[in-house]
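Structure first, commentary second.
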Amino acid sequence: MGAMVIEKGVSVPDTEALLNTWLTQGDFLLCDVDQDFTHAVGNPPYVHQEAIPDVLMGEYRQRYNTIYDRADIYVPFIERSLRLLGAGGKLGLIYADRWMKNRYGQKLRQLVSSRCHHLRTYVNMVGTSAFHTDVSTYPAIIVIERCVPGQRSNTTRVFACPEINSKALSSLAHELTAPRLKTPSAIREISNIAAGSEPWIIDDFEALALMRRLEAEFPRLEEAGCKVGIGVATGADKVFISDFDALDVEPSRKLLLVMTKDILQGHVQWRGKGVINPFRDDGKLVSLADFPKLKRYLSERYEQIAKRHVATKTPQNWYRTIDRIDPKLARREKLLIPDIPGDASIVYEGGRLYPHHNLYFITSDAWDVHALQAIMRSGIARLFVSLYSTKMRGGYLRFQAQYLRRIRLPRWESVSEPVRESLKHYSETNDRNELNEIVASLYGLSSDEMILIEGDRVK
C-alpha cells in the first residue's frame, strides 16, 4: 500500500505518517477504537474455539455476548463490527453461513433482529465458487445497517448464486442498492427474515409454508416420545478405541462400538471395534482399584489421556471420556444417522452396539423404531433438515441433532394400525414414491404438498 501512495507522488515521510494514521495492527476483538464508523467491510477469520488458547477465549467471552455454545470466532467479529457503526452505518461481510441456522448463532441472530439493526441485503453463495480455493461450507454476503431511530425496515433484498465476473457483480451491486427494484427482477424482497433467535430461512418459500403448517399441527420428535443424541467422543480415540478383542480390560469395561465406516448400503456391518467404558450404569466413574486390568491399561497410557482438556479440568477424573458413556444405550434398538448421510444411511441397529461421536442416534419409548426409520427416510424428514440445515459443498446437508429435533412427528397412539404396518414394511425400501405416499396419508398432505416432499433435497 505504501508503494501505491508513493507512486502517486507522496513523499516517503508523509506516506509513513498517513499509513500510521490510517492503519492499525492488532487483535480486532481486543483493541480500543474510540470512534464510530459509517461503513465496515470484511471477511472475518473462520477459527474454531478449540484452536484459540483458553485464556484468550475467556477474555473474548467476557467481552462478547454473542459467543454461545461452540461459536466460531467470526461471530464476535460481527458483533464488534456492529458495535462500531454509527447511526445509519452499514456493515458488509462475506463469511460462512452456518451461524444463520446453527445453535451457536442464536445470540448473534437475536442481536441482528433487534430494533437497532436492519438486515438490508443477503446474497446466498450456495453453489458458487466465491474463493480461489475450495472451502467446506458455502459463504454468504450480507449488509446490516445500524438503524436511525424510528426508521427501521423489516424488508431484506435477497439474491442467490451470483455469477462470479465483474460485469455480473457490478450489475447486481447496482440493483441491490437501487431505491426501487426493476420489474421483473431476480432479486426478491422478503420481510422478517431476522426474527429473534430463530434460524434464518431464506429460500424455498412453498416448502417453508408446508413446514410451518406441519409445525403447527404436530409435536416435535422428542415431544412425540423419541430421544435424539450423539455418540461418544473420547478425546483420545487411539487409547479408548481399538479392536474389541485387543482391549485388554475386564469384559464389563468395554463395549462393541459402531462407527460411520460400519454403515454400508443401508445396514450396519460391524468391523470389530470396541470402546473402553470407564463409567458405571449410574453415570459415575468406576474405581480403578476395583478393575486391575483396566487400571493397568489406562495407567500405561496416562500421558496420552491426562493431557486432554477434559482431564486437566478435573485431574481426579483423568481417565473419563469427554462424553459420559451410558451402557444401557448399547442395549437399546436405535436408529443411527451419520452427520452427512444419504437416504440409505439412516439405519436400524438392534441393540448390540454403542455409537461413535460421528453418529447421531434416535431411540423411542413410544414409536416402533422400524416405523420411525421409515419416517426418517421419507421426504418429510428431508424437508425439515433441508430448510433448517446449512448446506455443505457438494450439496450435502448436516443431519445434526439440532436439526433432527425440529422434525415433526405424530404421536404413535394416533397412527392407525394399517399405517403402522405399512411404515414398518417400507422402513428399508428404496421406493421413495411409495414410502412418501404412506407418509403423506399420515400427515394429511395434498398432492401439491407431496410434490414438495418428493423433491430430491439431499444427495
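Odds and ends about this structure:
Let's see how each residue does on (1) in contact (Cβ under 8 Å) with a residue 24 or more places away in the chain; (2) under 30 Å from S386 (Cα atoms); (3) of a type in the set (G, A, S):
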| residue | (1), (2), (3) |
| --- | --- |
| V10 | no, no, no |
| E16 | no, no, no |
| T21 | no, no, no |
| L29 | yes, no, no |
| F37 | yes, no, no |
| D69 | yes, yes, no |
| L91 | yes, yes, no |
| W99 | yes, yes, no |
| Q110 | yes, yes, no |
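- Check on E79, free of Cβ contacts under 8 Å to residues at least 60 places away in the same chain, assigned to a helix (DSSP H, G or I) and in contact with a helix residue (DSSP H, G or I) (Cβ under 7 Å, 6 or more places away or on another chain): yes
- Residue in region 288-311 that is of a type in the set (S, T, N, Q), part of a helix (DSSP H, G or I), out of contact with any Ser or Thr (no Cβ under 6 Å at 6 or more places or on another chain) and over 26 Å from I453 (Cα atoms) present: yes
- Taking the conditions (1) loosely packed, with under 13 Cβ neighbours inside 10 Å; (2) assigned to a strand (DSSP E or B) in turn, A40 satisfies each one other than (1).
- Selection count, region 53-68, where residues are open to solvent by 20 Å² or more (accessible area, probe 1.4 Å) and of a type in the set (A, V, I, L, M): 2
- Residues satisfying the stated conditions in region 69-85, i.e. open to solvent by less than 20 Å² (accessible area, probe 1.4 Å), of a type outside the set (A, V, I, L, M) and either within 12 Å of N43 (Cβ to Cβ) or at pLDDT below 95 (or both): D72, Y74, S81
- Number of residues in region 160-180 that are without any contact (Cβ under 8 Å) to a residue 40 or more places away in the chain and open to solvent by less than 40 Å² (accessible area, probe 1.4 Å): the value is 4.
- Test result for L93, of a type in the set (A, V, I, L, M, F, W, C) and part of a strand (DSSP E or B): yes
- Pair list, Cβ < 7 Å and 6+ apart or interchain, from region 419-446 residues that are farther than 17 Å from L335 by Cβ and aliphatic (A, V, I, L, M) to residues that are open to solvent by 70 Å² or more (accessible area, probe 1.4 Å) and at pLDDT 90 or above: V419/S441
- Helices (runs of 4 or more DSSP H) fully within region 374-455 that include at least 1 residues being open to solvent by less than 10 Å² (accessible area, probe 1.4 Å), modelled with pLDDT of 85 or more and aromatic (F, W, Y): 379-388, 401-404, 432-443.
- Flag for G89 being of a type outside the set (K, R), open to solvent by less than 60 Å² (accessible area, probe 1.4 Å) and closer than 23 Å to D34 by Cα: yes
- Members of region 330-347 that are modelled with pLDDT of 80 or more and of a type in the set (V, I, T): I337, I346, V347
- Residue selected from region 1-28 under the condition at pLDDT 90 or above and hydroxyl-bearing (S, T, Y), by the criterion surrounded by the fewest Cβ atoms within 10 Å (Cβ to Cβ): S11
- Any chance F361 is at pLDDT below 90, crowded, with 21+ Cβ neighbours inside 10 Å and outside any helix (DSSP H, G or I): no
- Scanning region 309-327 for residues that are touching a residue at least 12 places away in the same chain (Cβ under 8 Å) and farther than 17 Å from L359 by Cβ, we see that the one that is surrounded by the most Cβ atoms within 10 Å (Cβ to Cβ) is Y319.
- Residues located in region 400-438, provided they are polar (S, T, N, Q) and closer than 21 Å to M450 by Cβ: S414, S416, S422, S427, T429, N430, N433, N436
- Listing of strands (runs of 3 or more DSSP E) fully contained in region 193-265 that carry 1 or more residues being open to solvent by less than 10 Å² (accessible area, probe 1.4 Å) and touching a residue at least 12 places away in the same chain (Cβ under 8 Å): 226-230, 254-258
- Number of the condition not met by K295 [criteria: (1) open to solvent by 60 Å² or more (accessible area, probe 1.4 Å); (2) at pLDDT below 95; (3) touching a helix residue (DSSP H, G or I) at 6+ places or on another chain (Cβ under 9 Å)]: (2)
The values are calculated or read from the model by the stated rules, or taken from the named source; none is laboratory data. Being a predicted model, the structure only gives us computed values, none of them experimental. Cβ sites come from the backbone with ideal geometry, for glycine too, and all protein chains shown count toward neighbours. To get the accessible areas, we keep the full protein, side chains included, count just its heavy atoms, and leave off ligands, DNA and RNA. Shrake-Rupley method; radii C 1.70, N 1.55, O 1.52, S 1.80 Å.
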